[in-house]
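Worksheet for the structure shown next.
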Amino acid sequence: MTATPLRTCDRCGRSAVGLYSLLGGQICNVCYSALRRNPAECPLCGNIRVLAFLTDAGMVTCATCAGHPPRFACRTCGSEEFLTGTHCGRCRLQTRLDELIGADGVAPVELARLRAHLANAPMDPHSIVRWLRRPHVTETLRGMATGVLPVDHSALDLLPQRPATRYFRRLLIAANVLPEIHVLQHELTLYVAALAATLDPTSANKLRRFYRWDILPKLRRRYRDHGRDLSAESFIGRRGHIAAVVRFLAWMDAKELLLDDLDQRLLDRYIARIKTREPVEHFVRWASRSRLAGNLATNVHPPRTPMQTMTEEELWRATDRLLDDDDVELEVRIAGLFVLLYAQILGRAVSLTRDQIDATAERVTVRFGVTPVVLDDAVGALVRQQLAAPPRRGYAAGGSDWLFEGLSPGTHMTAAYIRLRLGELGIRPRVSRETRMNLLAMRMPAAVVADVVGVRTLTADRRKGKAGGVWSNYPSLRE
């Protein structure tokens, strides 16, 4: 057979076998695909089209404006955005949704909300279609649509509780398909139930009681004031805490011991062999108070050593780095500055909502505590940029209440990510915050620190002792 001769692409100069007649010449498959994937505003009609044609005057326009048939138009709607074969991505998405949950007027009303939520998402619909094809998403949505599964959280409880399921649950909450819940707290409860199923019935009952009457009330008290879910860091820590307790109970089951049988010698022997002791000691103290175990002694942990600090000069160098370095992500710069300048805990900085920000033409204020703080002009300019930045979330339409929105629906960025990025810049958030708190306490009455920074009065009082401030100074400062 005679080999097909290679020809040169008039657009990029590559040698190719097959060429397309576009842009007044012959272009290769690579250039053809690039044109289809990147439609733009036509300079003549203003519509988003594939600009692959030349007018008589030599202007690059869409097919219609150049007098050609609409070669790239979707066969269903005529759009030339997000093209896939003969159809656009949005029509492909509608087809996929029809297959999963039924057409408009047929799908359950809750799933109809999901259709609207995904169809209006300001992103490439191809990625949404790929997500809808994941087995756990396909099977769950189809089950909900046919009535095999209920349209509530119990349907997702049947799935393995992993990040993909967590994302799925949050998306359905954001789309008003499922009612609002504290996702991580709910997942922690499921985690306890799954671990309890691996234990003997008696030990499983102790674990459930420990979680219900000790861990869960503490979590609810801690997050009750803000009405928010656990932080990601707290969720991971609590899960590790519970896992350590389960290992202890499994050890007791293996030895056919009950809590009533546990004596000091056996307890000391077990604790001496493990690295993570505090969760087990915590459980034993609870069991003793609840009269499920005898009066057993646990180690008294020494007070924590004072937090390391840095010099004020080092603090200002880190501040200047975040103010001036445009190569650092905007979210990292702002959250870091809130720590370095306003002594905010990183977890609280990333969970600020937009209603805590007041940006006017003259100034930007942030409400960390009771009294709003007027930001420095340079910091305020960065916050204005953040407020005006396009959304970074995934399959979601509409706005976000968070100042630093996360990629998972309805969540903010994690403190762990910001901490990692700051660490790469040589900035230690905890040390920086401790230094700034000490500086504020030295120069301001503790009551002002409590009011403006947003710390507890007990914390402010301790700082007051170090700084020598008195509460009676506070009213005059507020006048």
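The values are calculated or read from the model by the stated rules, or taken from the named source; none is laboratory data. The structure displayed is predicted, hence computed values, not measured ones. Because the Cβ atoms are built from the backbone with ideal geometry, glycine has one as well, and the counts that use them run over all protein chains shown. SASA here: full protein model, heavy atoms, side chains in, ligands and nucleic acids out. Shrake-Rupley method; radii C 1.70, N 1.55, O 1.52, S 1.80 Å.
Amide H contacts of ILE181 (H built 1.01 Å from N, in plane; Pro and chain starts excluded): no residue 5 or more places away or on another chain comes under 5 Å. Mean separation of Cα pairs under 8 Å and 6 or more residues apart, divided by the residue count, gives the range 184-263 a relative contact order of 42 percent. The separation of the range 189-240 from the range 309-362, counted between C-alpha centres, amounts to 33 Å. Between the helical axis of 183-196 and the longest alpha-carbon principal axis of the chain there is an angle of about 60 degrees. Computed from the coordinates I sent, volume of the Cα convex hull per residue in Å³ equals one of [x] 265; [y] 159; [z] 150. Tell me the label. Comparing each candidate, only [x] matches the computed number.
Solvent exposure of the chain amounts to 54 Å² per residue of accessible area, where only protein heavy atoms count and the probe is 1.4 Å. What a 1.4 Å probe finds exposed on the range 43-137 is 52% carbon and sulfur by accessible area, rounded to a whole percent.
Between 0 and 90 degrees, the angle of helix 415-424 with respect to the longest Cα principal axis of the chain falls at about 80 degrees. Taking the square roots of 5 times each eigenvalue of the Cα gyration tensor of the range 171-232, largest first, gives ellipsoid semi-axes of 25, 16, 7 Å. Close amide-amide hydrogen proximity is noted between THR353 and LEU403, each under 5 Å apart and 5 or more residues distant or on a separate chain (H modeled in the peptide plane; Pro and chain starts excluded). Relative contact order of the chain, taken over Cα pairs closer than 8 Å and 6 or more residues apart, is 9 percent.
Tell me the carbon and sulfur percent of the accessible area for the range 204-333, rounded to whole percent, probe radius 1.4 Å. Intermediate values should be presented prior to the final figure.
On the way: 3890 of 8070 Å².
On the range 204-333, the fraction of accessible area on carbon and sulfur atoms equals 48 percent.
Over the range 72-111, Cα pairs under 8 Å with separation of 6+ residues give a relative contact order of 24 percent. Residue-wise HN-Hα couplings along the range 341-356, as the Karplus relation 6.51 cos²θ - 1.76 cosθ + 1.60 with θ = phi - 60° gives them from phi, are 9, 10, 6, 8, 5, 4, x, 7, 5, 6, 9, 5, 9, 5, 6, 8 Hz; Gly and Pro carry x.
Distance from the Cα centre of the range 167-183 to that of the range 85-151, in angstrom? That distance is 15 Å.
If you count, for each residue, the other Cβ atoms within 10 Å and average over each peptide, how do 51-59, 106-114 line up from highest to lowest? Kindly include the intermediate steps, with their values, before the conclusion.
Values: 51-59: 15.0, 106-114: 16.8.
Packing order, densest peptide first, comes out as 106-114, 51-59.
Shown for the chain: lysine pairs separated by 8 or more places, or found on different chains, whose C-alpha atoms are under 26 Å apart, numbering 5.
For the chain, the longest principal axis of the alpha carbon atoms and the long axis of helix 312-324 meet at an angle near 20°. Residues whose amide H falls under 5 Å from that of VAL373, counting only those 5 or more places apart or on a different chain, are VAL366, ARG367, PHE368, with hydrogens built in the peptide plane.
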